[in-house]
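Take a look at the structure set out below.
The values are calculated or read from the model by the stated rules, or taken from the named source; none is laboratory data. All of these numbers come straight from a predicted model, not from anything done at the bench. Note that each Cβ is placed from the backbone with ideal geometry, even for glycine, and that neighbours are counted across all protein chains shown. What goes into the accessible areas is simple: the full protein's heavy atoms, side chains included, and nothing from ligands, DNA or RNA. Shrake-Rupley method; radii C 1.70, N 1.55, O 1.52, S 1.80 Å.
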Amino acid sequence: MLQRIRRLADSWFGAVLGAAAYGAWATWANWSEGPIQALRIGGAHWCASAFLTYFGTYVMRRLFGQRSSGVAALRAVLGGLLFTYGTLLVVHTLVHTQHLLLTLAPGVVPNVLFCTGYAALLSRTQASVLQS
């Protein structure tokens, strides 16, 4: 069961699926700037979120390493969050997001939970992945 969840979390399908909610939120949060700008921001946020989920799990796996430990998990969580918010700040600066805090704030708790949950998933599944 955990291996299936891990495969979904590591896939493009999982990344695109998870990013849809963030793209919709970013569109709504910026609707006051007009539909064209809001859709551009929402589309950029959706693409960035899909990219971040897919490559963020890669970054977290690399930072986690091959041994399961509390330090490895903490390194993966913090690295995943730094990668995510560093990228989002660059993307939203490039597309001139007017409501940056309103756009990003609702995703903080889900992102922390995702990174923490994914690090826990790595702790539980890393040994079996390395053996295969």
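Within segment 15-58, can you find the residues that are over 19 Å from Thr93 (Cβ atoms), modelled with pLDDT of 90 or more and either of a type in the set (Ser, Thr, Tyr) or in contact with a strand residue (DSSP E or B) (Cβ under 7 Å, 6 or more places away or on another chain) (or both)?
Within segment 15-58, Ser32, Tyr54, Thr57, Tyr58 qualify.
Would you mind listing the helices (runs of 4 or more DSSP H) fully within segment 1-67 where at least 3 residues are touching a residue at least 24 places away in the same chain (Cβ under 8 Å) and more than 16 Å from Gly117 (Cα to Cα)?
12-29, 35-64
Looking at segment 117-127, which of its residues are surrounded by 16 or more Cβ atoms within 10 Å (Cβ to Cβ) and not polar (S, T, N, Q)?
Scanning segment 117-127 gives Tyr118, Ala119, Leu121, Leu122.
Look at segment 45-72 and say how many of its residues are among the hydrophobic types (A, V, I, L, M, F, W, C) and open to solvent by 20 Å² or more (accessible area, probe 1.4 Å).
Result for segment 45-72: 7.
Counting only residues that are polar (S, T, N, Q) and under 16 Å from Leu104 (Cα atoms), which one in segment 1-31 is farthest from the chain's Cα centre (by Cα)?
Our first condition is that a residue be polar (S, T, N, Q); within segment 1-31, this holds for 3, 11, 27, 30.
Next cut, under 16 Å from Leu104 (Cα atoms) only: 27, 30.
Values: Thr27: 18, Asn30: 20 Å.
Within segment 1-31, the match that is farthest from the chain's Cα centre (by Cα) is Asn30.
Would you confirm whether any residue within segment 24-35 is out of contact with any Pro (no Cβ under 8 Å at 6 or more places or on another chain), closer than 30 Å to Gln126 by Cβ and surrounded by fewer than 18 Cβ atoms within 10 Å (Cβ to Cβ)?
Within segment 24-35, not a single residue is out of contact with any Pro (no Cβ under 8 Å at 6 or more places or on another chain), closer than 30 Å to Gln126 by Cβ and surrounded by fewer than 18 Cβ atoms within 10 Å (Cβ to Cβ).
Assuming Asp10 fulfils every condition listed in (1) open to solvent by 60 Å² or more (accessible area, probe 1.4 Å); (2) in contact with a Lys or Arg (Cβ under 9 Å, 6 or more places away or on another chain) apart from one, which condition is it?
Failed condition: (1).
Where residues in segment 95-116 are in a helix (DSSP H, G or I) and under 13 Å from Gly42 (Cα atoms), which of them is most open to solvent (accessible area, probe 1.4 Å)?
Selected residue: Leu102.
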